[in-house]
Structure formats: structure tokens, C-alpha cells
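The values are calculated or read from the model by the stated rules, or taken from the named source; none is laboratory data. Only a predicted model underlies this, so the values are computations on that prediction, with no experimental measurement involved. A quick note on method: Cβ atoms are made from the backbone with ideal geometry, for glycine too, and the neighbour counts reach across all protein chains shown.
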Number of protein chains: 2
Amino acid sequence: MEEIFSQSENLNSMVLTPWMLSDLELIGIGGFAPLTGFMGSADWQAVVEDMHLATGEPWPIPITLPVAKQQALQLHEGERVALRGEDGQVYGILTVQEVFQPDLRYEAARVYRTTEDKHPGVARLYARPPYCLAGPIHLLRQRPALFPKFNFTPAQTKEEFANRGWRTVVGFQTRNPVHRAHEYIQKSALETVDGLLLHPLVGETKLDDIPAAIRMESYQVLLKHYYPASRVMLATYPAAMRYAGPREAVLHALVRRNYGCTHFVVGRDHAGVGNYYGPYDAQDIFSNFAPGELGIQPMFYENSFYCERCDGMASEKTCPHASQYRHILSGTKVREMLSQGIRPSSKFTRPEVADVLMAGLAEQGVSELPTK
Amino acid sequence: MEEIFSQSENLNSMVLTPWMLSDLELIGIGGFAPLTGFMGSADWQAVVEDMHLATGEPWPIPITLPVAKQQALQLHEGERVALRGEDGQVYGILTVQEVFQPDLRYEAARVYRTTEDKHPGVARLYARPPYCLAGPIHLLRQRPALFPKFNFTPAQTKEEFANRGWRTVVGFQTRNPVHRAHEYIQKSALETVDGLLLHPLVGETKLDDIPAAIRMESYQVLLKHYYPASRVMLATYPAAMRYAGPREAVLHALVRRNYGCTHFVVGRDHAGVGNYYGPYDAQDIFSNFAPGELGIQPMFYENSFYCERCDGMASEKTCPHASQYRHILSGTKVREMLSQGIRPSSKFTRPEVADVLMAGLAEQGVSELPTK
């Protein structure tokens, strides 16, 4: 390792955005297995076209390293390039296999199902430099963990699951606070497996998502008061959101497989944004894969709510009662309430969670009021 | 069919108990597929020893036709025997392949995990005539359905599932009323599949189980008030209980596969009796089968309860709170209450269900008070 570090001083180097750094890190720690580097044109093509790598393994979204034209032209095959952060530090080494120019509109159309740059994922795709640098990577260091106590590599979560004797584990992806609707889905899934990995994404999200630090505090207070410690594990997922809806749901599932999960919750409009995807697109997409192909079992859920006649949580699938009995708030509405210091009903948000969110959002200031 | 009926007048015939008739019927309608007749010695041996038929397909419990010694001695291979009910009617024809004498103590030890005749399943096994008549059967008629509206063959449930557009269906076996604990488990499972088959066993049970007619009424009132009609189907399972615990859980799963289910709920001490089986034996036994071998996915559940702190239903796996917050009643206790006209808390039994059970048990009379 020492040798690589010192050599890297003499290498050509390029600076990665935080998003690219998180991809580098996920490749390096095995979160993106079977990927061992940034994709070349053959994988890009196969992935964009039919959600498989050139080798035939399932993979839904290109993981590529954008590079500016003038830099791309200076590089040659076999050369080793130092991958630096914006802080100047070297985080990894890439051995150049290929430089190629992907058709970004085609990628947008296939992966995001839209070429509109109003879509935040598409906008970011279009904003990237036009070339991609491909080749295997060697991860030299990780960024300091935002939440060190909850920082686990795939090897570490697997070890933890084994230590706890969990043979079946359901993974739950979230970039939002966990209100009772999501608690219910998590617990419904947990009832039939050994453990739950609550795995919030803490990388880059939309500006209007609730900041990770506030969310992490709210998850901890929720678990403390409402989950048996022996059945749930909280760990951070250091990725950026792509908002690619159905395809990202598959990515989220594959990554959780790599973290050791056997099951993965896919809700309505999973990883969606705006009205770009139908409510069940992110569930239906899984039928494109052969049984067992993904190595993880998706569990599909509906939106849920508290129903007074049911005297508990339920969904359209399990509750026959009229809407007047159901406690339903939109995400926008509840964030507005929390920002104004109004605690939602305990049927919607656990009071302990509401307190944390209200305090966090108050600190953040009303000027940054999250909106849909 | 006409021809077989008239011919059967001249055949040797034997009289079947209601239990044997229900086995005949289940073989004939495909509920016991791949069985096409009563088992011979090779299948008996393979099933008793390691839960597979001689052909290698999974099967946990011998399905054999007991016959008295003097009758066994009169029969010869290839002969066709009329299978009559106690009413004298011919229900089916068996073509004799073999007469054999199973080692019933060995069967008891392997299948029931006990040779004690205090075990109701073992007691019935020991009470049977010592020989078995084996061979393919032809079902001529079914007994009049006890509950015609809910009488569906496997072909009919599959057709109904297809009509409803259900691709995934969880089967729920019960021989008891559905209190909220079981409603919660059913709905937890239903949240992640398309439909629920509530499939109560209405064949022979222990004398102290609640009569099927009362149970059927209670299921209907429960579904009417608390389940979306589009997501649940009530049908009867015309089998007898064997109380073979773990092995019977596998049988229950295989049979529900034949009825078209993709998933099957296995609770704690499923199909158990007394203290003969450990609470998780009926779940652990499924690890003896290769993934996909059974053709149906077992879903394992804990006992559940209403918890005031959770403000809803939960189990040890999902609720961290102290027992003082949990509403738990033993089956014995709740039946005692119902028999005395005392309605259990609505946190334990839906009031509409309690009313039906109280009325039914009152009619039945206190003298037949069910006990554990």
C-alpha cells in the first residue's frame, strides 16, 4: 500500500466529484460487486440496453467515470491514473482500459425513461463531461465516515449478521424519515425474516430532502423506542441518489445483496421523482430477471396508513374501510408541519421522531423549508 | 363413468372411515399431487425415512389405506376394489398393487416423533387395522360438501386466482377461529403478495376443537368487516388433522402448492399438539428441502399480540416493550371466556367474531365446553 501511495505522486491525476468518489468507494468496498472498476463501452452498452453486464450478470445502471475531453485525449491504455478528491487527496488508482464517449441521451432514455433535463438524474447526467474513463480501480482510502458508528462495509454487515445468527435479512432503503407507514412495512417484512437492515442513503440527494444528520438522529430515536435491538441494525449507505426509479430499485436490491441481505423492500414509486414513473414500475421491473438471478428476494409493498376501523396500520390490500377512517398525510404536508413545529398525529409519526425532526428543521431554519 | 359405477356392483368392496374417505378425495381431486393412489411399501419406506417418495419427490407423511387382515388375504394384485363410505355408496375404485404391513411404531417414531399413544395422531395410527392396501385410485364421487359455497378443488382455486389476477398467493391453514393475532400474521403476509387463501381444515379434528360450522361463520364475519374482498378467498380444506407437527406443516404447504398458492404461513408449533414438538420444529424442518424443491415458499411467523406502546399488533421480533403493555390470552382462556359469554378485549378478538363464537358455543351447550 505504501508503495502505491508514493507512486501515485508521479501519476497523472484527475479530480472526482463527491458523487464519483462515492461510486469509487462502493466499487472498492464491494458494494457494487461484481464491478471491480468503472465500466467500459461494452458493459455500458449491455447495461443500458438490457440491464446486464457484457458478462451476462444483472446490472441496471451504468457506473461510469466522466472525464473532460482534453484530459481524455492525454491518457493511454494501461496508464495508471490517481483519483483525487476535491481535497487533493488520492482516494484510488485506476488503470486505464478504455476512454469512450457514451450516448447520454440514449442512456437517459433507457435508464431514466426520459430525456427531459427537468429530471434531476438526467440533469446531472447531461451536466457531466462527455467522455468516460474505464478500467479496474484500486481503492486507497475512504472518506471520513459521516456517521462512524454506523459505517459498515459489506464485509462488516455480513459479519455482523452472522454474529447475530441472522440467516435471512431484509434490507430497507430510505432517504426520508421513517414515519409509521414505513415502520409498518419494515416490521411486516421483519415478521417473516430474522433481521432488518435499516440502510439509509446518506450520499448526495436532492436539496429538498431532509439532511442526513437529522434523519440519522430520527432513526436512532425510532429504533430505541420501537424496535427490538436484537432484530434491527442501522447502517449508512454511502451512495448518491440517481432518482432512476425502476432501474435504481434494482440497483438498490443488488447492492443490499452485496451487503448480505436476502430480502429487499420495494415500495410504490421506489427511487422515483416527480411523475416520471408509474407507481408499480419499480416492482414490475423485477419480472425482467429470472428467479434467483438477482440473488436477493424483492418484497413488494403498498403505501400504508393507520386505520381507525382496523385499529392499526394497514394498506389498500389489507384494509377495506373508507378513507374517512384513515390517517394519511402527504410527505410535503408532514414536512411543512414539522418545519412549523406542528407535531403530526401519533398515528402518522411517532412523537419521539417528530420531536427530533422538528428540532432539526427548526435549527436548519425556515428559509430552507423542504418542499416536494 | 356409468360403466365403472355398474361394474363396481360386482367388485370386492371395503368400507372407508371418514378420514380415509377424505384422503381418497384429496388424492382424486389433486390435493395430494403427485400422489395418484394410496402408497405402497416403497413409498411408505422412503417417506417415513426421509420425507421423499420412492421417485424422489418431497412428501412428509404416509398416505396409506388400512385394511383388516382377513380382507387383505382375500385380495390379489390387479384386482379392482370398490371403496365405499359408511353410507354404503361407492366413492372410488382402487386397483390393487400391493398389500403390505407397515411398522406402525417406526412410522410413529419417525413421523410423529413419539411412540406414545397419548398423542392423538399416534393413537389413531395404532388403532388402524395393521395392513395397508396400495394402488392407484379412481375417484367416482365426492361427499356432499359441508360448506358448498366454499368448496373448491385445486383446479378451481387456481382458476379463481387466475381470474382475480393473483400471481402470488399466500395460503393460511387453520383449525381455529381467527383472532387478531392470526389476522395480523395473515395481513403481514398479504402485504407482500397479491392474495390470501384462508383455507380452514374442516375434516376430522380433535373433539375439543371448535366445530367447523361455527368457525366458518366466524371467518365470514371477519372477512366481511376487516378484509378487502378483492384480496382474500375463503375455501375449505377437506382433510383430517394428523397433529404430526413439523411433518404435517410440510404436508400443509405441499397441499396448498397444489391448490395454487405460492407462499404458505408456518407459525409457531404449526400442527402441533401438547408438548410433543419444539416451538420452531415446524419451521426448521423446511431446511431439509432444497430451495425450490417444495414449489412453495414457506413464510415463518412468531406468535403475535396487541401492544399498547406499539399502538398496534406486533410480535417479539418487532416489539421491544414490556409484557405489561401486551394483550395476550391463551387459547384455552379465550375459549373459556367465549363459552361463558364473556367477550374478550377487541384488542384480542374482533367484536363481530366474538359475537359469532359466543352464540355458536352457547348453542353447543356448556357441557361441550372446549378445553385445551
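Quick notes on this structure:
- The set of residues in segment B:312-327 that are assigned to a loop (DSSP other than H, G, I, E, B) and closer than 18 Å to A:GLU183 by Cα comprises B:GLU316, B:LYS317, B:THR318, B:CYS319, B:PRO320, B:HIS321.
Yes/no matrix, rows are residues, columns are (1) within 30 Å of A:ILE27 (Cβ to Cβ); (2) within 14 Å of chain B (Cβ to nearest Cβ); (3) modelled with pLDDT of 95 or more:
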site: A:ALA239; (1), (2), (3): yes, no, no
site: A:THR262; (1), (2), (3): yes, yes, yes
site: A:ALA271; (1), (2), (3): yes, no, no
site: A:TYR276; (1), (2), (3): yes, no, no
site: A:CYS319; (1), (2), (3): no, yes, yes
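- Odd one out for A:MET313, checked against (1) within 27 Å of B:VAL353 (Cβ to Cβ); (2) surrounded by fewer than 18 Cβ atoms within 10 Å (Cβ to Cβ): (2)
- Filter result (among the small types (Gly, Ala, Ser), more than 28 Å from B:PRO34 (Cβ to Cβ) and surrounded by fewer than 21 Cβ atoms within 10 Å (Cβ to Cβ)) within segment B:270-310: B:GLY274, B:GLY278
- Test set (1) buried (at least 19 other Cβ atoms within 10 Å of the Cβ); (2) within 14 Å of chain B (Cβ to nearest Cβ) - A:LEU357 fails condition number: (2)
- Test for A:ALA108: is it closer than 20 Å to A:ALA239 by Cα and touching a helix residue (DSSP H, G or I) at 6+ places or on another chain (Cβ under 6 Å): yes
- Filtering A:THR205, A:THR236, A:THR168 for residues that are crowded, with 21+ Cβ neighbours inside 10 Å, polar (S, T, N, Q) and over 23 Å from A:ARG326 (Cβ atoms) leaves a single hit, A:THR236.
- All of A:TYR280, A:TYR306, A:TYR301 fail the test of being aromatic (Phe, Trp, Tyr), within 13 Å of chain B (Cβ to nearest Cβ) and over 26 Å from the mean Cα position of the chain (by Cα), apart from A:TYR306.
- Evaluation of B:MET216 against the conditions (1) in contact (Cβ under 8 Å) with a residue 24 or more places away in the chain; (2) within 14 Å of chain A (Cβ to nearest Cβ) shows that the sole unmet condition is (2).
- Qualifying position, being surrounded by 17 or more Cβ atoms within 10 Å (Cβ to Cβ), more than 30 Å from B:LEU294 (Cα to Cα) and either in contact with a Lys or Arg (Cβ under 9 Å, 6 or more places away or on another chain) or of a type in the set (Ser, Thr, Tyr) (or both), among B:MET14, B:MET51: B:MET14
- Filter result (of a type in the set (Gly, Ala, Ser) and part of a helix (DSSP H, G or I)) within segment A:155-186: A:ALA155, A:ALA162, A:ALA181
- Among the criteria (1) at pLDDT 95 or above; (2) under 28 Å from B:PRO298 (Cβ atoms), the one B:PRO148 does not fulfil is (2).
- Test set (1) more than 24 Å from the chain's Cα centre (by Cα); (2) crowded, with 18+ Cβ neighbours inside 10 Å - A:ILE61 fails condition number: (1)
- Taking first residues from segment A:179-192 that are more than 8 Å from chain B (Cβ to nearest Cβ) and partners that are part of a helix (DSSP H, G or I) and at pLDDT below 95, the Cβ contacts under 9 Å between residues at least 6 apart in sequence or on separate chains come to A:HIS179/A:GLY331; A:HIS179/A:VAL334.
- The residues listed here are A:ILE214, A:ILE210; of these, the one that is touching a Gly at 6+ places or on another chain (Cβ under 7 Å) and among the β-branched types (Val, Ile, Thr) is A:ILE214.
- Which listed residue, of A:GLU368, A:GLU352, is among the acidic types (Asp, Glu), more than 29 Å from B:SER230 (Cβ to Cβ) and modelled with pLDDT under 90: A:GLU368
Rundown of residues vs (1) of a type outside the set (Phe, Trp, Tyr); (2) surrounded by fewer than 18 Cβ atoms within 10 Å (Cβ to Cβ), yes/no style:
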{"position": "B:ALA109", "(1), (2)": "yes, yes"}
{"position": "B:TYR112", "(1), (2)": "no, no"}
{"position": "B:GLY121", "(1), (2)": "yes, no"}
{"position": "B:LEU125", "(1), (2)": "yes, no"}
{"position": "B:PRO130", "(1), (2)": "yes, yes"}
{"position": "B:ALA134", "(1), (2)": "yes, no"}
{"position": "B:ILE137", "(1), (2)": "yes, no"}
{"position": "B:LYS149", "(1), (2)": "yes, yes"}
{"position": "B:PHE152", "(1), (2)": "no, no"}
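Each row is one residue, and each column tells you yes or no for (1) over 15 Å from B:TYR131 (Cβ atoms); (2) under 23 Å from the mean Cα position of the chain (by Cα).
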position: B:LEU26; (1), (2): yes, yes
position: B:PHE32; (1), (2): yes, yes
position: B:LEU35; (1), (2): yes, yes
position: B:GLN70; (1), (2): no, no
position: B:GLY88; (1), (2): yes, no
position: B:GLY92; (1), (2): yes, yes
position: B:PHE100; (1), (2): no, no
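- The conditions of being more than 14 Å from chain A (Cβ to nearest Cβ), in a loop (DSSP other than H, G, I, E, B) and hydrophobic (A, V, I, L, M, F, W, C) are met by B:PHE152.
- Considering residues of segment B:178-201 that are of a type in the set (D, E, K, R) and over 14 Å from B:PHE300 (Cα atoms) only, the residue nearest to the chain's Cα centre (by Cα): B:GLU183
- Residues (of a type in the set (Val, Ile, Thr) and either without any contact (Cβ under 8 Å) to a residue 60 or more places away in the chain or touching a strand residue (DSSP E or B) at 6+ places or on another chain (Cβ under 6 Å) (or both)) located in segment A:79-122: A:VAL81, A:VAL90, A:ILE93, A:THR95, A:VAL96, A:VAL99, A:THR115, A:VAL122
- Subset of segment B:328-342 [buried (at least 17 other Cβ atoms within 10 Å of the Cβ) and either in contact with a strand residue (DSSP E or B) (Cβ under 7 Å, 6 or more places away or on another chain) or not in a helix (DSSP H, G or I) (or both)]: B:LEU329
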